[in-house]
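Input: a single structure, listed below in structure tokens.
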Amino acid sequence: MALVVMKFGGSSVADADKMRLVASKIASKKKSGNKIVAVVSAPGDTTDDLLKMAEKISPNPPAREMDVLLSTGEMMSIALLAMALDAMGESVISLTGPQAGIFADLQHRQAKIKKIIPHKIHKLLNKNHIVIIAGFQASNANGDITTLGRGGSDLTAVALAAALKADACEIYSDVEGVFTTDPRIVKEARKMDYLSYNEMLEMACSGAQVLQSRSVEVAKKFNVMINARGTFSDDAGTIIASEEMIKKLSGRKKMEAMIVSGITFDKDQVKFTIVDLPDTPGVAARIFNDLAKINVNVDMIIQSAAVDKKNDISFTVVESDMKKTQIELDKIASEFNATRVECDDQVAKVSVVGVGMRTNPGVAAMAFEILAKSGVNIEMISTSDIKISCVIDEVDTMKAVEALHKGFKLSKSHKA
Ligand code: ADP
Ligand code: ASP
Ligand code: MG
């Protein structure tokens, strides 16, 4: 008997009809002879709504209390889904993250799973129950409830699949799998059958929200094969696995033929520039150390060439870190006698991702040419061995994504 972890995101359990549909999908997988652990997210926009409620109450709510609040969304889902399955005559039990034996570190809002003690889950599965588990939550050494960062139910599912040594980890959402770009924005986007962990990681980190990036990291670490697929479709979805496994499953040639697999975009970006810093050793170290101390994650960095022993440093951060970055940089700028700190939140990052770039040096040049021909100005560039990212004016985002998607022949009509 196979053990299958099935995860359903917020859009899949947004109302009673969708909840019943999810219940029938779970029941039918159980009837085909599988043991089922189902992980669910909060219904629809519940987590965003809870965040807004907290904002109305306090400008700076304690992280511990935020976690108590945010974890309630997933608890609604597990209870309702268990009721739907019970009404269908299934034997089912719901568990919160702590009840399921999911333990995390002491951080709040971004807790990391430390261990899973799956005794209770195994016991219930052996009694032939369907086990429904709340995603996105865990308990810590203080006995407090914590949450795993936005999109964290994906992480719950992958971590459970690893801990339970599940035979399959299926992550269901409102799209049929992972596409060459966001299919809700670009209608010509094509669903991919296979994607390597590294490509999925780069896509998730650069804006493709279909899978949480940390869940992909954990899948890669424990070699959990993910099947990303649609709740409202019977399509086989996308397999995310190691490059070796994909070569085995798909045939070697196909993998090598893919130079670029996807285009991503992220509008949640802010560019800071500190103008006229002294061109002396230790300045950059000081800036980025101070930002690291206040937990600001810096993405792209550019330092201009020195003129008159002064230079500018520009970098990007996510919008939620804008305020604290501004306060920190104002202090640093006055200490170093910099002329000013500029902040631009009207920027976006577009990225081109693909393992084939490692062996095809022309990809960056082609990306820049496509953007130039579309009249899109590039403000910053960063590269890894399988990704090229450009910071551009936010108003040009769609133009850039569509041009790159078309230019790299990723549309449905180009399918090999
Ligand atoms: P869930 O609520 O099920 O966790 P998410 O909203 O987190 O689902 O992720 C699914 C969404 O990801 C889709 O609705 C789609 O708009 C978006 N998305 C962005 N980029 C991609 C991509 N490359 N492929 C598929 N979906 C994408
Ligand atoms: N409900 C949480 C969120 O919206 C977790 C998740 O959906 O995965 O981020
Ligand atoms: Mg999600």
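Quick notes
- Here the contact order of the chain, divided by its residue count and restricted to Cα pairs under 8 Å and six or more residues apart, works out to 13 percent.
- Count of lysine pairs in region 1-97 with Cα separation under 20 Å (8 or more residues apart, or interchain): 10
- Projecting the Cα atoms of S411, S314, I378 onto the charge dipole of region 281-416, computed from C-beta unit charges around the Cα centre, puts S411 farthest toward the positive end.
- Global geometry of region 338-378, whether rounded, prolate or oblate, following the gyration tensor of its Cα atoms and the 1.5 cut on a/c: prolate
- Three-way shape label, region 1-130, alpha-carbon gyration tensor, a/c 1.5: oblate
- Share antiparallel - DSSP beta bridges, region 1-134, percent rounded to 5: 15 percent
- Cα gyration tensor category, rounded, prolate or oblate, for region 238-322 with a/c compared to 1.5: prolate
- Rule-of-thumb Rg ratio for region 328-401 [Cα; 2.2 N^0.38 Å; N residues]: 1.41
- Reduced Cα scattering model of region 104-175, Debye log10 I(q)/I(0), q = 0.19, 0.26, 0.27 Å⁻¹: -0.83, -1.26, -1.30
- Dipole of region 121-275 computed with +1 at Lys/Arg Cβ and -1 at Asp/Glu Cβ about the Cα centre; of T231, Y194, P183, farthest Cα towards the positive end is Y194.
- Cα-Cα pairs of region 275-372 separated by more than 19 Å (percent): 53 percent
- With viscosity 1.567 mPa s and temperature 4 °C, the Kirkwood radius over alpha carbon pairs of the chain converts through Stokes-Einstein to a diffusion coefficient of 56 µm²/s.
- Relative to the longest principal axis of the Cα atoms of the chain, the long axis of helix 322-335 makes an angle of roughly 30 degrees.
- In region 380-416, trypsin sites (Lys or Arg not before Pro) in a DSSP loop with at most 11 other beta-carbon atoms within 10 Å: K415
- Region 44-200, relative contact order in percent, only Cα pairs under 8 angstrom and at least six apart counted: 18 percent
Values quoted throughout were computed directly from the atomic coordinates according to the rules given, and no laboratory measurement underlies them. This is a predicted model, so every value here is computed, not measured. Reconstructed Cβ throughout: ideal geometry from the backbone, glycine too, with neighbour counts over all protein chains shown.
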